[in-house]
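Peer 1: Right, I'll just put the structure down here and ask away after.
No value in this document is a laboratory result; all are computed from the given coordinates. Since the model is a prediction, treat every value here as computed from it, not as a measurement. All Cβ positions, even for glycine, are placed from backbone atoms using ideal geometry, and neighbour counts span all protein chains on display.
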Amino acid sequence: MNEAGVKRTVRQSLFIVGGMALFAWALVPLYDVFCEITGMNGKTGGPYVYEPASTTPDTSRLIKVSFLTNTHGGMTWGFWPEKGAVRVHPGQLKEVSFFVHNTSDRPMVGQAIPSLVPVAAAEYFHKTECFCFNQQLLMPGEKVAMPMRFIVDRDLPKNVQSINLSYALFDVTDSAQDLVTGGE
């Protein structure tokens with residue numbers, strides 16, 4: 001191969017690597033847009049305002065809510081739920097904790113992205129407080145308990161008896177440098 005061919009191959013390789021890096025960086029926002037447009041993957045909504053005076057739990061049925069966690073994109077943190085599952089009455093406010101542990105030797109920022117199955121239950125699952133609403137900054141070796149409060153709507157279809165809520169935790173340290181440096 002001549003020198004011009006080598007230069008062309010190097011340029012093409014650099015272009016491909018740059019495109020892959022750009023795609024990886026944009027993956028989380030693209031996922032959000034995709035789920036919002038298609039309504040797929042049971043993506044849950046933002047904060048829900050709970051008014052206890054107007055909500056009476058439906059004690060005639062119990063819904064099993066299971067919790068799953070995983071990490072993606074080079075995230076080295078430990079991430080797990082307090083309990084694998086809980087049972088709730090529709091209309092009942094419930095709180096569970098999730099734990100993260102920064103096992104690295106540097107400050108890192110994580111962002112949890114929720115999804116819910118069955119997809120038909122997504123509009124009936126409301127979070128009043130969730131660590132997934134904000135990015136989480138942890139110092140090296142730091143371990144944190146993060147609460148998540150939710151309510152399963154009383155109007156949940158009767159055929160839905162269990163819900164699986166999963167969180168994928170992503171390393172967003174590079175795009176959240178202001179949080180890491182304290183805005184300096």
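Peer 1: Can you give the net charge of the other residues whose Cβ lies under 15 Å from the Cβ of T69, counting K and R as +1 and D and E as -1? Don't skip to the answer; put the middle values down first.
Peer 2: Values: positive: K83, K143; negative: E82, D171.
Local net charge: 0.
Peer 1: So, one more: Between A120 and A145, what FRET efficiency follows from the Cβ-Cβ distance if R0 is 30 Å, with the result rounded to 0.05?
Peer 2: Given R0 = 30 Å and the Cβ-Cβ separation, E is 0.45.
Peer 1: Another question, if that's okay. Pull out the extension gain between Q161 and S97, defined as 0.36 nm times the separation in residues minus the alpha carbon to alpha carbon distance; nm, one decimal.
Peer 2: Details: separation 64, 0.36 × 64 = 23.04 nm, distance 2.21 nm.
Using 0.36 nm per residue and subtracting the Cα-Cα distance, I get 20.8 nm.
Peer 1: Taking θ = phi - 60°, what integer Hz values does the Karplus form 6.51 cos²θ - 1.76 cosθ + 1.60 yield along the range 161-175, in sequence order, with x for Gly and Pro?
Peer 2: Listing the rounded values in order: 10, 8, 9, 10, 10, 10, 10, 9, 9, 10, 7, 10, 4, 4, 8 Hz.
Peer 1: List, in order, the whole-Hz ³J(HN,Hα) value for each residue of the range 75-82 obtained from phi through the Karplus relation with A = 6.51, B = -1.76, C = 1.60 and θ = phi - 60°; use x for Gly and Pro.
Peer 2: Once θ is set to phi - 60°, the couplings for the range 75-82 become 5, 9, 5, x, 8, 7, x, 4 Hz.
Peer 1: When the Karplus curve 6.51 cos²θ - 1.76 cosθ + 1.60 is applied with θ = phi - 60°, which whole-Hz ³J(HN,Hα) does each residue of the range 140-154 get, with x for Gly and Pro?
Peer 2: Result, ordered by residue: x, x, 6, 10, 9, 8, 10, x, 9, 10, 8, 9, 8, 4, 4 Hz.
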